[in-house]
Amino acid sequence: MEKTFLISEGPLTILCKENVPDHGELRRIVLSVHGIGGSTDDDIQRSIAEEMEFFSSAVFRFDFPAHGESPLDSDFLTLPNCMNSLLAVARYARERYPEVEDLCIFASGFGAYITLVCLDQLLDMPGKVKLVVQTPSVRMHETLLAIKHITEPTLRAMEHVTFRASRPFEVTYRFYEELRENFALTSYDIPMLILHGEEDSVIRKEDIQHFRRINDQAKLVIIPGTSHRFLEDGAWDMVLDLTRDWFEFEQVLVTDWE
């Protein structure tokens, strides 16, 4: 069962969707956090919602400012607003289901970056956090430049660049500076599963391997023959299986694959 609603957080109005099983006891809360240019209704988000709902989870997904069906335009696309959106949805989910212990987060790319920079605040909430990060943009400011094939001086001169997603939006140089000043390439005191495509041309494999090395509680699975969007045959099924095992058992049935 799916419902759509709005959460108000200061100047933010956050479009959120919840999927919850029709019957049975809830075993976990799942937050599914989209990447840059994504939305609550992209293929990744919908498949996570369907898979986790089937396995007795209340699943929440939401649109970052200027994304999807968010009522807020590109002027609101700032790092604090993105962080506050994630934290507001997490608080809402915790308050709605206070009896559920596990807050499980599946986050892709930019969403993984936002989740990591919010992690201390997420860990301060009641209960336990379980984390899966798919192709985490640990150097998000560099990822923006790589996606648009431009340099930092070019972006500074242009002042903003347009992303052509399902909803076009502008990324400003100010936003780039916020990302540059807030690294996610650091260590975190939490077990996590890192998923990365062997043929990813957007997120550097060396950054992912370094991120794994400085996080000794992390497990890294590099999926062979897979690109940034995991569109190859069988790749996404593997992501769903690995994510489900991590949320259920906090382990996967393969060793680190580097």
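The values are calculated or read from the model by the stated rules, or taken from the named source; none is laboratory data. A quick note: this is a predicted structure, and the numbers were derived from the prediction, not measured. Cβ placement follows ideal geometry from the backbone for every residue including glycine, while neighbour counts extend to all protein chains displayed.
Are there helices (runs of 4 or more DSSP H) fully within region 110-203 with at least 3 residues that are farther than 21 Å from A90 by Cα and among the charged types (D, E, K, R)? List them.
By residue number, 173-180.
Which is in contact with a strand residue (DSSP E or B) (Cβ under 7 Å, 6 or more places away or on another chain) and either over 30 Å from Y97 (Cβ atoms) or of a type in the set (S, T, Y) (or both), of G111, G197?
G197
Could you please give the count of residues in region 146-179 that are over 15 Å from H228 (Cβ atoms), of a type in the set (A, V, I, L, M) and surrounded by fewer than 17 Cβ atoms within 10 Å (Cβ to Cβ)?
3
List the pairs whose first member sits in region 1-23 and is of a type in the set (G, A, S), whose second member is modelled with pLDDT of 95 or more, and whose Cβ atoms are under 8 Å apart, counting only residues at least 6 apart or on separate chains?
Partner pairs satisfying both residue conditions: S8/I14; G10/N84.
Quick check: anything in region 1-17 of a type in the set (A, V, I, L, M, F, W, C), under 14 Å from the mean Cα position of the chain (by Cα) and either on the phi < 0 side of the Ramachandran plot or surrounded by fewer than 19 Cβ atoms within 10 Å (Cβ to Cβ) (or both)?
Taking every residue of region 1-17 in turn, none turns out to be of a type in the set (A, V, I, L, M, F, W, C), under 14 Å from the mean Cα position of the chain (by Cα) and either on the phi < 0 side of the Ramachandran plot or surrounded by fewer than 19 Cβ atoms within 10 Å (Cβ to Cβ) (or both).
Could you list all residues from region 45-65 that are buried (at least 23 other Cβ atoms within 10 Å of the Cβ) and among the aliphatic types (A, V, I, L, M)?
Within region 45-65, I48, A49, M52, V59 meet the criteria.
Exactly one of these conditions fails for V89: (1) touching a helix residue (DSSP H, G or I) at 6+ places or on another chain (Cβ under 8 Å); (2) aliphatic (A, V, I, L, M); (3) not in a loop (DSSP other than H, G, I, E, B). Give me its number.
With (1) touching a helix residue (DSSP H, G or I) at 6+ places or on another chain (Cβ under 8 Å); (2) aliphatic (A, V, I, L, M); (3) not in a loop (DSSP other than H, G, I, E, B) applied to V89, the lone miss is (1).
Filter region 66-77 down to residues that are surrounded by fewer than 20 Cβ atoms within 10 Å (Cβ to Cβ) and touching a helix residue (DSSP H, G or I) at 6+ places or on another chain (Cβ under 6 Å), then give me how many there are.
Residues flagged as surrounded by fewer than 20 Cβ atoms within 10 Å (Cβ to Cβ) and touching a helix residue (DSSP H, G or I) at 6+ places or on another chain (Cβ under 6 Å) within region 66-77 amount to 0.
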